[in-house]
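Peer 1: After the structure tokens below, expect a handful of questions from me.
The values are calculated or read from the model by the stated rules, or taken from the named source; none is laboratory data. Predicted, not measured: the structure shown is a model, and the values here were computed from it. Note that we place each Cβ from the backbone using ideal geometry, even for glycine, and neighbour counts take in every protein chain shown.
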Amino acid sequence: MPLTITHAKRERFNYNGATYHITTRCNNKENLIKSDIDFKRYRFIMEKSKEKYGFLLYDYVIMNNHVHSIIQLASTLNISIIMHSINRWYSRWYNEHYKRKGHFWEDRFYGELIKDDIQLSAVMRYIELNPVRAGLCSNPIEWKHSGAKFYLNGEKDKLIDVPEVYISLGETNNSRQEAYSHIFPFNLANLTRLE
């Protein structure tokens, strides 16, 4: 039976295999993640956190003012502990690096439990299209700070742990990429997570 914890009136389920769509926003929605070193440092912290806590990272998008990630717990470790560590580590580095004071993150984080493979696929598509909806690129593979380059173009990304739902799309990497590319809609204006 899963262990349920409550934080700020939001239920979080922590059990081996729980998968979350996590969103963390910069304070006041400011574009604080700007330079290449900012993006690289966040990736480095995510990589080290994976080593420390043993979670799986199915997908991610690092934007200028927020980060999306899809995390599967590999133990009963609390998702709040993982996110507190990542957010604290990054904000401490950022404030020291830029000689800045004050809050970096707007709130702790938002976590949505992903219940099945259909929802997982929809959320992966939703977060990878974030840079397109924001007008930062015209195709998800053009945004180098996300898992889209791996899933759509086969470019190596050591952060990514490939979910079974992606593997089931085809027998080869090329057939998986082709099938996955058809998940992306032409009408981006109406995109929601569960379309």
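Peer 1: Consider F150 carefully, then state whether it is of a type outside the set (D, E), surrounded by 11 or more Cβ atoms within 10 Å (Cβ to Cβ) and at pLDDT 95 or above.
Peer 2: In short, yes.
Peer 1: Residues of the range 26-47 being modelled with pLDDT of 95 or more, of a type in the set (D, E, K, R) and under 23 Å from E112 (Cα atoms), which ones?
Peer 2: Hits for the range 26-47 are R43, E47.
Peer 1: Right, another one. What strands (runs of 3 or more DSSP E), lying completely within the range 9-113, carry at least 1 residues that are out of contact with any Leu (no Cβ under 8 Å at 6 or more places or on another chain) and farther than 30 Å from E142 by Cβ?
Peer 2: Here the list reads 10-14.
Peer 1: Could you please tell me which pairs satisfy a Cβ distance under 7 Å, a separation of 6+ or placement on different chains, a first residue in the range 82-106 that is without any contact (Cβ under 8 Å) to a residue 40 or more places away in the chain, and a second residue that is of a type in the set (S, T, N, Q) and buried (at least 17 other Cβ atoms within 10 Å of the Cβ)?
Peer 2: I82/S49; S85/S49
Peer 1: Taking the range 16-25 only, how many residues are surrounded by 13 or more Cβ atoms within 10 Å (Cβ to Cβ) and at pLDDT below 90?
Peer 2: 1
Peer 1: Can you tell me which residue is modelled with the highest pLDDT among those in the range 66-76 that are surrounded by fewer than 17 Cβ atoms within 10 Å (Cβ to Cβ) and touching a strand residue (DSSP E or B) at 6+ places or on another chain (Cβ under 8 Å)?
Peer 2: A74
Peer 1: In this structure, is K48 among the basic types (K, R), under 24 Å from L129 (Cβ atoms) and either without any contact (Cβ under 8 Å) to a residue 12 or more places away in the chain or exposed (fewer than 14 other Cβ atoms within 10 Å of the Cβ) (or both)?
Peer 2: Taking the combined requirement at face value, the residue does not satisfy it.
Peer 1: Among what's in the range 114-144 and is in a helix (DSSP H, G or I) and acidic (D, E), pick the residue that is surrounded by the most Cβ atoms within 10 Å (Cβ to Cβ).
Peer 2: If we take residues in the range 114-144 being in a helix (DSSP H, G or I) and acidic (D, E), then E128 is surrounded by the most Cβ atoms within 10 Å (Cβ to Cβ).
Peer 1: Among the residues that make up the range 83-96, is at least one of them surrounded by fewer than 13 Cβ atoms within 10 Å (Cβ to Cβ), of a type outside the set (V, I, T) and under 17 Å from I45 (Cα atoms)?
Peer 2: Checked the range 83-96: at least one residue is surrounded by fewer than 13 Cβ atoms within 10 Å (Cβ to Cβ), of a type outside the set (V, I, T) and under 17 Å from I45 (Cα atoms).
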